[in-house]
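Everything on this sheet refers to the single structure shown next.
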Amino acid sequence: MKQIVLTLMMLLGVSGMRAELSVSLLTLSPGRDIYELEGHSELRFTDSDRDLDMTVGWGVFDFDSPGFVYRFVKGDTDYMAASRPYSDFLRINSFYGRRVTGQRLDLDSIEAERLLALVEQNLLPENRVYRYNYVRDNCATRPLELVERAIGESLVYSRGDSLDGATWRREMTRYHANYPWYQFGIDLALGSGLDRPVNARERCYAPVFMSRYMQEAVRSDGRSIVKGDPEVILEGTADGGPAGMTMWCLTPMSVSCVCLLLTALVAYRDIRRSRRPSKSLYTILYGLGSLAGSVLTFLMFFSTHEATSPNWLYLWLNPLCAVGVISVWLKNYNRVVYFYQIVNFVALIILIAIGLARVQNFNDADYPLIVSFLITAGEYIYLYRCHIKSTSPSKVV
């Protein structure tokens, strides 16, 4: 009789138990588009009693919204938090060939419920939109911060918080290895702030690293925040990852070296023939410099993006490059242009010294272009001096 009673009590206990809320961190491997090169993070919530199985991400944006490109350049890009059924998450990422791994978080029932409440509050219409920051507030940093709020403490990286030689620029270069033109643009647009040392927590701006961080992160009492090893949910396909390496002849370095060679040849021809500088060369070279300088002016003085100022490349690329364009269309040599090119020549020498001293890490492809501008500046100075020697002062304007 006692055995029957005990069996009934056990059955009643089991039937009265409810499935606990389970939370996992899902990480997508790097994709093909430039905004996917660091991967993507989402949280998954599962509870069979509530018929709950959804994922939540913080990487939704509307490219077609009014003024998106302008606001993105200015740094006023708004992203959104969004939820979807787990089945939709799998179907979409399977279609695009993305590799997905999952890490189950070691949370007790109270912590898991608290995290779900925080996420549901974040999903409310009045809270779901946030001001995106590429390295400080994105689809990876958001879930990490919410997990820490749910457990009531900051996680500690078991390998230590300092990483020798790690900077945001070096991290980006690693993720963008197959997209050299994209990295070239970043290196032009973002200044010396991108070269300061970063710790393990700051490297979590990249979902790929954040997954590694969570696997090795512990609470203050030494307990891991993740249960077991990561689980591969979707294997992914080759075409779902980053594009292949750019052909060497189409890289920024190759194009820059060709530009340097053409500049040197044209300048040599002009000096040898004692003729005025080439209109085509100066118009193209300084025209592009002026355009890039206008963009840098906007980024440095009006944008809220991270690390846009100071940018020492402004010594080279600034709106004054327009003087170089105007100079070759003037009828005679101009004294103002002459002094501008002297200042320009000195500024470019200083810029090269700054790069070599690692005050700011320039893209390797910058150096051939900087030398191209040095050559044109030196050419104008030389031809101007030759011109005033062969003409009377009254003919020099």
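The values are calculated or read from the model by the stated rules, or taken from the named source; none is laboratory data. None of the values given here were measured: they were computed from a predicted structure. Every residue, glycine among them, receives a Cβ derived from its backbone with ideal geometry; neighbour counts consider all protein chains shown. Calculation scope for accessible area: heavy atoms of the full protein, side chains included, ligands and nucleic acids excluded. Shrake-Rupley method; radii C 1.70, N 1.55, O 1.52, S 1.80 Å.
Scanning segment 149-181 for residues that are surrounded by 16 or more Cβ atoms within 10 Å (Cβ to Cβ), assigned to a helix (DSSP H, G or I) and either more than 11 Å from the chain's Cα centre (by Cα) or not charged (D, E, K, R) (or both) returns 150, 151, 168, 172, 173, 175, 180.
Each residue in segment 196-222 was checked for being over 20 Å from residue 154 (Cβ atoms) and open to solvent by less than 20 Å² (accessible area, probe 1.4 Å), and 0 of them qualify.
May I ask you to list the residues in segment 299-329 that are open to solvent by 70 Å² or more (accessible area, probe 1.4 Å) and assigned to a helix (DSSP H, G or I)? 301, 312, 320, 326, listed by residue number. In segment 277-291, which residue that is surrounded by fewer than 20 Cβ atoms within 10 Å (Cβ to Cβ) and of a type in the set (A, V, I, L, M, F, W, C) is farthest from residue 189 (Cα to Cα)? So the residue we want is 284. Among the criteria (1) open to solvent by less than 30 Å² (accessible area, probe 1.4 Å); (2) on the phi > 0 side of the Ramachandran plot, the one residue 274 does not fulfil is (1). Taking segment 124-145 as the range and being open to solvent by 10 Å² or more (accessible area, probe 1.4 Å), under 18 Å from residue 24 (Cα atoms) and in contact (Cβ under 8 Å) with a residue 12 or more places away in the chain as the test, the residues that pass are 139, 141, 142.
Inside segment 234-266, residues that are under 30 Å from residue 102 (Cα atoms) and either over 22 Å from the mean Cα position of the chain (by Cα) or open to solvent by 60 Å² or more (accessible area, probe 1.4 Å) (or both) make up a count of 7. Out of curiosity, is residue 231 loosely packed, with under 13 Cβ neighbours inside 10 Å and outside any loop (DSSP other than H, G, I, E, B)? The answer is yes for residue 231.
Can you pull out the residues in segment 182-195 that are assigned to a helix (DSSP H, G or I) and open to solvent by less than 50 Å² (accessible area, probe 1.4 Å)? Result: 183, 184, 185, 186, 187, 188, 189, 192, 193, 194, 195.
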